[in-house]
Structures are given as structure tokens and as C-alpha cells.
Amino acid sequence: MRYFLVTVIVFILFSKFVLANMQDPPATVNDNKILIDKKDIQNTIESGEYELARNNLKVFLEKNSSDYEAYNLLGYVERQLQNYELAINFYKKALSLDENFIGAHHYIAITYLEMDDLESAKYHLNQLDLICLFGCDDFYDLKNKIAFYEANNE
């Protein structure tokens, strides 16, 4: 009887261990997993899985073509992948949908700085100054980045 109880307990514990490890692994860059929720896509961006995020954003935008935040995220992804021209195009698309979108002005300006286009970066700093009226974090962050750029590229 004791042997039977020990066998049952071991079987139950082993079953729980096996079942606990049968969950789907997290998405990786090589997965073709399509994420529908924008928050899930943002999580892939935050974890540095830019290729997966890019693929998911393109699918997301097929169904949500007026989502300026998604275009901004796609611009961010392309910038992280150093595809600066593509990034600029996606930021411009976001701004065409909402010309006062602070995040797109901020990121497009940073992209212009990375492309050594100081004048275009300053244009978007001025846009942020107009939009934010009394200043905002993105304005001050960009202002500091431009000052740093100017100090190091004279």
C-alpha cells in the first residue's frame, strides 16, 4: 500500500512539472507569431525584437491604417534597425495623421540628428515648442540632444 501511495504522489508531482513546462515559449525573432494587440507589439519592441515587431506592425496597420501611434512605432523600429529613410517616412505618415503628435516630432528629430541633419531636427524642436506651450519632457529631451550634438559637431 505504501509503495502504491508513493507511486501516486510521484506521478502527480511529475505530471504537474510536465504540465507547467508545456506552455508556449515567448516569441522570438524567428517566430512568425502575429500579435494583434498594440501593447503586445510594444513589449516586443521593448525586448529588442525589432524584426518581429516590424512584421506585426505591418499586419496591424493593414487593418488599422489610420493609427498614427502604430506608424510612429514602426518608425522607431526602423530607426533602431538603422533604416533611417524608412523611419523618416513612417514618422511623416504618423504626422500626416496627427500633425501635433509629440512622439513623432520627437523621434523624427532624433532620427534627423542621427543622419546629421541638424536643421530638420531643429524644425521639429520648434514644432514641439509650439505644441507643448509650456514645455514638455520630449521638448526638453530633444533640446538637450540638439545642444549635445552641436557641442560635439562644431
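The values are calculated or read from the model by the stated rules, or taken from the named source; none is laboratory data. If you're wondering where the values come from, they're calculated on a predicted model, not measured in any experiment. We place every Cβ from the backbone using ideal geometry, glycine too, and count neighbours over all the protein chains shown.
The table below gives the values:
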| quantity | calculated |
| --- | --- |
| Pair list, Cβ < 7 Å and 6+ apart or interchain, from segment 68-94 residues that are closer than 12 Å to Glu114 by Cα to residues that are surrounded by fewer than 24 Cβ atoms within 10 Å (Cβ to Cβ) and aromatic (Phe, Trp, Tyr) | Gln80/Tyr50 |
| Odd one out for Asp116, checked against (1) touching a residue at least 12 places away in the same chain (Cβ under 8 Å); (2) surrounded by fewer than 20 Cβ atoms within 10 Å (Cβ to Cβ); (3) part of a helix (DSSP H, G or I) | (3) |
| Selected residue [of a type outside the set (S, T, N, Q) and either under 21 Å from Thr111 (Cβ atoms) or at pLDDT 95 or above (or both)] from Ala70, Ala20 | Ala70 |
| Residue among Leu57, Leu86 that is over 26 Å from Ala147 (Cβ atoms), crowded, with 20+ Cβ neighbours inside 10 Å and modelled with pLDDT of 95 or more | Leu57 |
| Cβ pairs under 8 Å, 6+ apart, first in segment 133-153 and under 16 Å from Tyr112 (Cα atoms) and touching a residue at least 12 places away in the same chain (Cβ under 8 Å), second outside any helix (DSSP H, G or I) and of a type outside the set (A, V, I, L, M, F, W, C) | Asn153/Asp116 |
| Scope segment 137-149; condition surrounded by 12 or more Cβ atoms within 10 Å (Cβ to Cβ) and either acidic (Asp, Glu) or at pLDDT below 95 (or both); matching residues | Asp138, Asp141 |
